[in-house]
Amino acid sequence: MNANRLNRRQLLGAASAGSLAALAPSVMTSGATPGTGAGKLAILGGAPIRTKPFPGWPIWDKEHDEPPVVSVLRSGVWSRAGVVAEFEKKYAEMMGARRCLATTHGTTALLTALNVLGVGIGDEVLVGPYTFIASIDVIFLTGALPIMVDTDPETFQVNPDRMEAKISEHTKAILPVHILGLPANMDKINAIAEKHNLLVLEDACQAWLAEWRGKKCGTLGDLGCFSFQNSKHLTCGEGGAVVGNDDGLMDRCHSYHNFGRPYGQTMLTLSGYATLGTKCRMTEFQAAILLAQMTRLEEQTRRRGENADYLTSRLKEIPGILPARLYDGATRAAYHLYPFRYRQEQFGGVRRDKFMAALRAEGIPCSSGYGPINRDPFFEHTLRSNNFRRAYSKARLDRCRQENHCPDNDQLCREAVWLSQNLLLGTRQDMDDIADAIEKIYENRAALV
Ligand SMILES: *Cc1c(COP(=O)(O)O)cnc(C)c1O
């Protein structure tokens, strides 16, 4: 809903920019070649490639999805109980994992997992900067220091070849993120972890059903975490999960997310808290919605994958458009976003912002994606906080600062363009519209400078 509103606003913005540009001395159209991309650019007053909206998100089915939610409401049992347990069982099955623990958010899933893995004050955790802020926040929130590993711009994933150089005697864990729903290089990451005796916590918060060599992302490390926030492929508004194969770890995750009550202990017992814990239990409503949403996930993932592959086959033919490469071991990608790099030199110097405005004007919503969050003020703010200054020597904090330079990531953040997952739920014709719009901009690039 929000995304659609935003897109409409962006379209309006682009349209008014277009009408202003149309008043400027005209240099376009003369050079346009016949074919799909021919014609005056919409941002310069021409007809857009499409005006039809793309599929919205989230999707629900009244007949199928509403009764289970109403049934929870009428039961009066709204807090964690049988429906959550049923979701956990089905989600674990779908993931090919022994266990699943449902939580309130992907963020609390990550926090639970890090705490149970014993990550805390004094530790360093290796993580890439090309991610959603939560992946970094959770490391700081345990009291550990995130050590940044630069991004592989071709794949948009953390660069495993930069990882070993970042290891110190304090390194405790690696937190690989399968960002954009594309698998990180788990062969190399797991090999490094094994060699240096490090824990691996996968942030699979964008990677439901993505696979590495036939195994689901989120089941390749010690623990894996998922998000079910509103924009995610499997959603109940807010929600999360930890998955794992180790009963001991999963028992402790359960305990941690329930005030430290020992796993299996009834909620009516008001003593016997075994460990420090917090509370991030999923409600029955969330689980009922997730169970309904889950019935469509496989089919939607298949469709996104097919559309993404087709889109890649067309976009890679356009000079200056570089779709993300998948690693050889990536047997399935979830495409939470469809990313490509935009090279302005090959578009006659047209800046990315202008390219995106032109693309939106053609009826294709898009965004520039993540900025370099490792350079955001929160990072230094945290290192200067009382907690961190009490916990670490100046030398330790300085090392964290010094390692926080990721030039490849900075470059990627300047070049990236994202299409959101709901666009990939459309038809093949929708994909052709996207590719035609980009071709049209390429062919008319001289008019945009
Ligand atoms: C969404 C997301 C999270 C956090 O999940 P929430 O459910 O929003 O708390 C963490 N990491 C990544 C990569 C995400 O995309």
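For the chain, modelled as a GNM whose springs connect Cα atoms under 10 angstrom apart, the maximal fluctuation among 79, 135, 420 occurs at 79. One quarter of the surface of the convex hull around the alpha-carbon atoms of segment 318-357 equals 3.7 nm², the direction-averaged projected area. Between the C-alpha center of segment 358-374 and that of segment 394-449 there is a gap of 7 Å. Based on Cα contacts under 8 Å between residues 6+ apart, segment 289-352 shows a relative contact order of 31 percent. Global size of segment 64-293: 17.4, 57 Å for Rg and Dmax (C-alpha atoms, Rg to one decimal, Dmax whole). Across the chain, the relative contact order, built from alpha-carbon pairs under 8 Å that are at least six residues apart, equals 23 percent. Tell me whether segment 139-258 comes out rounded, prolate or oblate; compute the Cα gyration tensor, take square roots of the eigenvalues as a ≥ b ≥ c, and use a/c under 1.5 as the rounded threshold. In terms of gyration-tensor shape, oblate. Karplus-derived 3J(HN,Hα) values for segment 319-331, using 6.51 cos²θ - 1.76 cosθ + 1.60 with θ = phi - 60°, are x, x, 10, 10, x, 4, 8, 8, 5, 4, x, 7, 8 Hz; glycine and proline are entered as x. Between segment 128-202 and segment 37-61, the C-alpha centres lie 37 angstrom from each other.
Can you tell me how segment 198-283 classifies by the Cα gyration tensor, rounded, prolate or oblate, using a/c under 1.5 as the rounded cut? Write down the numbers at each step before the final one.
Numbers: a/c = 2.96, a/b = 1.57, b/c = 1.89.
It comes out oblate by the Cα gyration axes.
A simple packing score, the average count of other Cβ atoms within 10 Å per residue, orders the peptides 139-147, 199-207, 341-349 as 199-207, 139-147, 341-349, with the highest score first.
Return 449, 69 ranked ascending by Cβ neighbour count within 10 Å, so the fewest neighbours appear first. Walk me through the numbers on the way to the answer.
On the way: 449 11, 69 19.
Fewest-to-most ranking of 449, 69: 449, 69.
Amide H contacts of residue 416: 342, each under 5 Å away and 5 or more positions distant or on a separate chain (H built 1.01 Å from N in the peptide plane; Pro and chain starts excluded).
Span-like helix criteria (full DSSP H runs; alpha carbon extent of at least 30 Å along the helix axis; mean Kyte-Doolittle hydropathy of at least -0.5) are satisfied in the chain by 2-23. Rounded to whole numbers, the Karplus 3J(HN,Hα) couplings from phi for segment 210-223 are 5, 9, 10, 6, x, 9, 5, 4, x, 10, 9, x, 6, 9 Hz, using 6.51 cos²θ - 1.76 cosθ + 1.60 with θ = phi - 60°, and x at Gly and Pro.
Between amide H atoms placed 1.01 Å from N, distances below 5 Å from residue 212 occur with 217, 331, all of them 5 or more places distant or on a separate chain.
I'd like to compare 208-218, 273-283, 90-100: which one has the highest average count of other Cβ atoms within 10 Å, and what's the full order after that?
Working: 208-218: 21.9, 273-283: 16.9, 90-100: 18.7.
Per-residue mean Cβ counts within 10 Å order the peptides as 208-218, 90-100, 273-283.
Ordered from longest to shortest, the equivalent ellipsoid semi-axes for the chain are 40, 28, 18 Å, each the square root of 5 times a Cα gyration tensor eigenvalue.
Gain in length, residue 78 to residue 378, computed as 0.36 nm per residue apart minus the alpha-carbon separation, to one decimal in nm?
104.4 nm
The packing ranking, built from the mean of other Cβ atoms within 10 Å per residue, places the peptides 434-447, 326-339 in the order 434-447, 326-339, highest first. From the P(r) of segment 52-149, can you give the percent of Cα pairs sitting at distances over 15 Å? Result: 74 percent of Cα pairs exceed 15 Å.
Quick note: the coordinates plus some simple rules give every number you see, no bench work behind them. Not measured: the values here are computed from a predicted model. Glycine also receives a Cβ, built like all others from the backbone with ideal geometry; neighbour counts cover every protein chain displayed.
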